[in-house]
Structures are given as C-alpha cells and as structure tokens.
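A.B. asks: Sharing a structure, written as structure tokens. Questions coming.
The values are calculated or read from the model by the stated rules, or taken from the named source; none is laboratory data. Since this is a predicted model, take the numbers as computed values, not measurements. FYI the Cβ positions are ideal-geometry reconstructions off the backbone, even for glycines, and counts take in every protein chain you see. Only protein heavy atoms, including side chains, enter the accessible area calculation; ligands, DNA and RNA are left aside. Shrake-Rupley method; radii C 1.70, N 1.55, O 1.52, S 1.80 Å.
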Amino acid sequence: MNSQHFIELDETYSAHNYHPLDVVIERAEGVWVYDVSGNKYLDCLSAYSAVNQGHSHPVIREAAIAQMHKVTLTSRAFRNDQMGPFLKELCEYTGYEMALPMNSGAEAVETAVKAARKWGYEVKGVADNQAEIIVCNGNFHGRTITIIGFSSEEAYKKNFGPFTPGFILIPYGDAAALEAAITPNTVAFLVEPIQGEGGVIAPPDGYLQEAASLCARHNVLLMADEIQTGLGRTGKLFASEHEGVRPDVVIVGKALSGGFYPVSAVLTDKEVLGLFQPGDHGSTFGGNPLGAAIGRAALKVIQDEDLISRSRELGAYFKGRLERIESDYIKEIRGKGLFIGVELKVPARRFAEALRDRGILVKETHETVLRFAPPLIITKEEIDWAAEHVEAVLMMD
Ligand SMILES: *Cc1c(COP(=O)(O)O)cnc(C)c1O
C-alpha cells in the first residue's frame, strides 16, 4: 500500500484536528523512522520529546513484553507489584517524596491543578472556591477544557467555552508581573521552564529563580510543567535545574514511557500530595502495571545511557553547527541541550517539507519556528548529516 492510501483513510475517517506532514510511518528504531515505501528519515521531533530514549528502545520493549505476559491492568481497586517500585524509583531519581501517576500529560496537569487548589484550601487557608492559579501567556499545558481555558491562544479556545474560572494570565518571563498578580488567594504559579509549543522560548536568565523566591515569600506553590522539557531533554534532568530551582510541584509525562505508552505523574513532597484521601482523585489506567513497568525501564535507560549528559554535550554541538549556517531566513537560534528552536523570518512549513524530502523529520511550531529535538541517543555523525541538510534547505530561494 502506498502513502496516498493511508492519507486518504486519515482524511476520511479521522477528525481533522491536526495538520501532519504527509509521511506515513510504518516502523522505527532508535533515531530512524521508515515510511510505508521503505524511505528512511531521521526523527528530529521525537514525538514531542516522548521518545527521548529513541524509538522502540530494546530495554523498554523487553520490559513491556515481559509485563504483557504477566498482567497489564488491575485498576487501583487492587494493588500491583509494579506501581510501588516505579514510584519509588521515580521519587528517588527526581528527589521528591510522593508521586501521583496518571496517563496523558494533560491529565497530570489537571491533577496538579487539583492538588494545588486542595493545598490552598486545606493548608494555606484560602476561602472556599476563591483559589487562583497564575499562568503565562504563550503557555501550552494540554487540551482539556480547564487547560485551554487558561491558554492565550485563541485558536485553542474558539467555540470551546465556557471555561473553568480561577486562572490569571501574565506575560512569560516577567517576574514583576508575577509579583503584581499574586494575591492572598493565589495558590500556585504554573509555568514551563522553557515554552516548547510556544516556540522553544526560554525566559530571561534568573527568571525562574526570582519566581521561586516570590512563590516562597508569598506561600504560593511553584509548579513546573516539565512534560516536554524534563527527563534530560534540555541537558538537565529538569530544565528548572538550569537555574538551580527545585519547584514545589513537577509535572512529567512524555519520555516517562519512552514513547511506549501514555505515562505521566505529578511529583511533590508529602505536604501537597499527602493531602489526597481515598476517592479524591483517580484514573482506571493510572499506575497500571504495564505503564509502571515501562516507566521503570524508561527511567533506567535515561540513567544507564547517561542521556542527560549526551543531551547537554550533543545539544551544544548541534546548536553550534546550526549557528554556523549563514542564511538570510534565520532570525534566531535558541534552546538548551537537544531542544533547539530555529526561528525564521518566514513561515517554516515549506522548510519542514523540504527537510522531509531529504530524510529529516521536523515540524514547524508557531508558524515560523523549526524545533529540533531528536532522540537523545543521536550521534555526532547523525547531527553532522542533519546539519548539512538543514543548511542546504535554508539556502534555498
Ligand atoms: C505535550 C505537553 C502537554 C500535554 O501532554 P499530553 O500527553 O499531550 O496530554 C502538557 N504540557 C507540555 C509542556 C507539553 O509539552
């Protein structure tokens, strides 16, 4: 079957809620994906950083298969022998006391919002239904009604209202705006240390540190959405660490499963997640043994293969290569580790298409930005190869 056949099926039967590049992937291994005609592509998106460990990593694959032979789902009506060890390993690795496992990233963000409100009422003493959470312009935290309700993107919201109240939008990267927005009812500041969907935008140096001290001073929880930036993507375990900040709440997802399965979690100390009582929250699949076994293997691969150092070193190398490109189209190159945004002065889509034709998969984000986020197992030689093609397409007329 050729690509066109599958594209037609998608167009006929799938809601048109995406605008994908027309490449129909049949299999993948490591940094490489293969389409239905046997063409090979270097994946420079990593499913929005869900496959930081590389596609179908053998260690995670074997753990998944072994667990599939045992038990996949118990629901949390009963206990299983994978969730506890998974959360212990996750907490020890990240330095938090407790975790609440969910599936998608958006569910973990919703969970963090619930946890922050609960903490606000039960610990901080905010009056009933008055809790406020501060968020940033340009944010991306997922697609549920509550989450899009506090997006600044009109396209995410149009005709989906009414929305959940209790959120305050402020400019990203502006600590004075944060201070001005804090009231006695503020329970949390929810922020991405680097805005991924917003176009790989890093705030000014010192911003997160200032935000952390403002939050501490006003008894507000600092909640970092590290779903895309976490687990090594930016050259640290969490992007917050670039400023030495330890958020009160960290939200993880995507690479927590290495792309095998939706696995997400909220991490905090006992003061926050310790407030949850039976019946307060739940998910049929959250903490399931298959997801937990996959999560354990995914974390093991990050550590065993030293993917965080790889991201830091190879990211610096890749960025350096891109910075040498002398193209009039380039406005700015930014990012940390293997999380690089190349902002163009013109729409980026046709460059993404030209790169696909040369065997490199990237996706434009925010119209004019090409995001380069290959699996962290990429080699220097593969980066060299990719950089040559990026240079060639950015020299097109
Ligand atoms: C992808 C993403 C989410 C949402 O995760 P889903 O699994 O798609 O629900 C939330 N926040 C950030 C920063 C993300 O990149």
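A.B. asks: Only bridges whose two residues both fall in the chain count here: according to DSSP, what percent of them are antiparallel, nearest 5?
C.D. replies: 65
A.B. asks: Of all accessible surface on the chain at a 1.4 Å probe, what whole percent is carbon and sulfur?
C.D. replies: The computed percentage sits at 51.
A.B. asks: Another question about this same structure. Any chance you could list the semi-axes, whole Å, largest first, of the equivalent ellipsoid that the Cα gyration tensor gives for the stretch 120-219, using √(5λ)?
C.D. replies: Values: eigenvalues 94, 80, 17 Å².
Equivalent ellipsoid semi-axes, largest first: 22, 20, 9 Å.
A.B. asks: What's the center-to-center distance, using Cα atoms, between the stretch 313-334 and the stretch 122-188 in Å?
C.D. replies: If you average the Cα positions of each part, the centres end up 34 Å apart.
A.B. asks: Calculate, for Gln209 and His389, the FRET efficiency according to 1/(1 + (r/R0)^6) with r their C-beta to C-beta distance and R0 30 Å; round to the nearest 0.05.
C.D. replies: Working: r = 38 Å, r/R0 = 1.27.
The formula returns an efficiency of 0.20 here.
A.B. asks: Could you order peptides 34-46, 181-193 by the average number of other Cβ atoms within 10 Å of their residues, highest first?
C.D. replies: Answer by packing, highest mean first, reads 181-193, 34-46.
A.B. asks: Please grab the % of Cα pairs in the chain that end up more than 26 Å from each other.
C.D. replies: 54
A.B. asks: Say R0 is 45 Å: what FRET efficiency, to the nearest 0.05, do Thr183 and Ile7 get from their beta-carbon distance?
C.D. replies: Working from the Cβ atoms, E equals 0.35.
A.B. asks: Something else now. Taking the C-alpha atoms of the stretch 196-293, how large are the radius of gyration and the largest Cα-Cα span, Dmax, in Å?
C.D. replies: 15.1, 42
A.B. asks: Using the basic label-point model (7 angstrom from Cα toward the beta carbon), what is the Ser14 to Ser152 distance in nanometres?
C.D. replies: Spacing of the two 7 Å Cα→Cβ label points: 3.0 nm.
A.B. asks: When all protein chains stay in place, what accessible area (Å², nearest 10, 1.4 Å probe) is found for Lys158?
C.D. replies: 140
A.B. asks: Show me 100-108, 57-65, 75-83, 307-315 ranked by packing, highest mean number of other Cβ atoms within 10 Å first. Present the calculation step by step, with values, prior to reporting the outcome.
C.D. replies: Working: 100-108: 24.1, 57-65: 17.7, 75-83: 14.7, 307-315: 21.3.
Those peptides, ordered most packed to least, come out 100-108, 307-315, 57-65, 75-83.
A.B. asks: Of Leu376, His141, Ile251, which is farthest on the positive side of the dipole of the chain, counting Cα position, with +1 on Lys and Arg Cβ, -1 on Asp and Glu Cβ, and the Cα centre as origin?
C.D. replies: Positive-most Cα among the choices belongs to Ile251.
A.B. asks: Which helices, counted as full DSSP H runs in the chain, have an axial Cα extent of no less than 18 Å and a Kyte-Doolittle average of -1.0 or above?
C.D. replies: 105-119, 289-304, 307-323, 380-394
A.B. asks: What net charge do the residues around Val346 carry, taking every other residue with its C-beta under 15 Å from that of Val346, with Lys and Arg at +1 and Asp and Glu at -1? Please report the intermediate quantities before stating the final value.
C.D. replies: Working: positive: Lys331, Lys345, Arg349, Arg350; negative: Asp328, Glu332, Glu343, Glu353, Glu364, Glu367, Asp397.
Net charge around Val346: -3.
A.B. asks: Let me spell out the model: positive unit charges on the Cβ of Lys and Arg, negative unit charges on the Cβ of Asp and Glu, origin at the Cα centre of the stretch 58-304. What dipole size does that give, in debye rounded to 20?
C.D. replies: Using only the charged Cβ atoms, the result is roughly 760 debye.
A.B. asks: At 222 nm, what value in deg cm²/dmol follows for the chain if DSSP H runs of at least 4 each add -39500 (n - 2.57) and the sum is divided by all its residues, to the nearest 500? Walk me through the numbers on the way to the answer.
C.D. replies: On the way: 14 runs with 141 residues, N = 397.
Calculated at 222 nm, the ellipticity per residue is -10500 deg cm²/dmol.
A.B. asks: With bins 5 Å wide starting at 0, give me the P(r) of the stretch 223-272 over every alpha carbon pair, in whole percents.
C.D. replies: Histogram of Cα-Cα distances, whole percents per bin: 5, 24, 29, 23, 14, 5, 0.
A.B. asks: Over the stretch 58-304, calculate the relative contact order: mean separation of alpha carbon pairs under 8 Å at least 6 apart, over the residue count, as a percent.
C.D. replies: The value is 32 percent.
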